[in-house]
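What follows is a set of notes on a single structure, which appears directly below.
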Amino acid sequence: MAANPINVLVIEDDLEYASLLHVIIGEVNPDLFQITHIDNLKDALSLLLQQNFDLVLLDLFLPDSTGMDTFFKVNSAIQEIPIVIITGHNDKSAAVRAVREGAQDYLIKDELNVNRLVRILLYAVERHRNLNTLKQQTLVDDLTGLLNRRGFLSLAEKQVRIAKRANWESILLFADLDNLKTINDRFGHSEGDQAIKTISAILKETFRTSDIIGRIGGDEFIVLAIKTSDENVSSITARLERNIKRYNQQIPDYELSLSFGVVHLHPKDDTSLEEAISEADKGLYLHKQRKMKE
Ligand SMILES: [Mg+2]
């Protein structure tokens, strides 16, 4: 066990309680868990983007965020890490709701019991690992490792709901790889597969790890990205074009190019994910037509 401790991030503004957790968990088995403590949401979110954790212990009531909102923000930033809620007796109902929305479990502060605590943490990590394996088997595209259509739709639906609640704007990009048939015909299918993998790598590089990227048809790709305040659609598409260009310099025989359509999702709109996809698909079609006339 010592070689691979479980990395736990404790997000809790009650310093006394945080150090109590530290002592208790450490006493059980100092090699089993490695604990990092942060006392506010903002610093916790930025740490989660930089460092890998196996588990988050989350207090819902922090100086800069309260209640379910705290859970939604952490969960949407790090969908692949299990979250266990730390809660006081008086806010137990929020903890129960959080579990319904995908948190692994909750701990009640004044009922802290060492064995129960360790069992909750170990189960949370194990359950989440099993879930991830299952999900990967059915939701991921074999060739590229991106989500397949089913995987994309299921995660994107969830993300759209979270964005609505948190009042975030999102961007949906629907793209297809131009001339895949020509590449297949002239250079063979393995080169066609290579082109698809290259486009996947370009999309992963262009978007953030928290964005949802899928391959939903032979040559069709789709991305749902939470829009950050300093970004607009044209800066994202410019970054995409730049990255494609850079990869093309390394391919001697043909040029990769994407046609795409982009749609803005506003939290106040009632546009469904399907409507947004068909809207973006129309944009893609127009983009392709424009390119053929050039
Ligand atoms: Mg608190």
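Couple of notes before you dig in:
- Residues of region 216-234 classified as touching a Leu at 6+ places or on another chain (Cβ under 9 Å) and assigned to a helix (DSSP H, G or I), total: 1
- Among the residues making up region 2-51, those that are within 28 Å of the chain's Cα centre (by Cα), within 16 Å of the ligand (Cβ to nearest atom) and either loosely packed, with under 15 Cβ neighbours inside 10 Å or acidic (Asp, Glu) (or both) are 12, 13, 39, 40, 42, 43.
- Lone unmet requirement of (1) farther than 20 Å from residue 139 by Cβ; (2) touching a His at 6+ places or on another chain (Cβ under 9 Å) for residue 172: (1)
- Residue 209 satisfies every condition listed in (1) touching an Asp or Glu at 6+ places or on another chain (Cβ under 6 Å); (2) at pLDDT below 90 except (1).
- Taken over region 52-65, residues that are of a type outside the set (D, E, K, R), near the ligand (Cβ under 9 Å from one of its atoms) and under 12 Å from residue 95 (Cα atoms) amount to 2.
- Restricting attention to region 235-266 and to residues that are part of a helix (DSSP H, G or I) and touching a helix residue (DSSP H, G or I) at 6+ places or on another chain (Cβ under 7 Å), the residue that is surrounded by the most Cβ atoms within 10 Å (Cβ to Cβ) turns out to be 240.
- Of all residues in region 60-116, those satisfying the criterion of being at pLDDT below 90, of a type in the set (Asp, Glu) and assigned to a loop (DSSP other than H, G, I, E, B) are 80, 101.
The values are calculated or read from the model by the stated rules, or taken from the named source; none is laboratory data. Everything numeric here is computed off the predicted structure, so don't read it as measured data. Cβ: placed from backbone, ideal geometry, glycine included. Neighbour counts: every protein chain shown.
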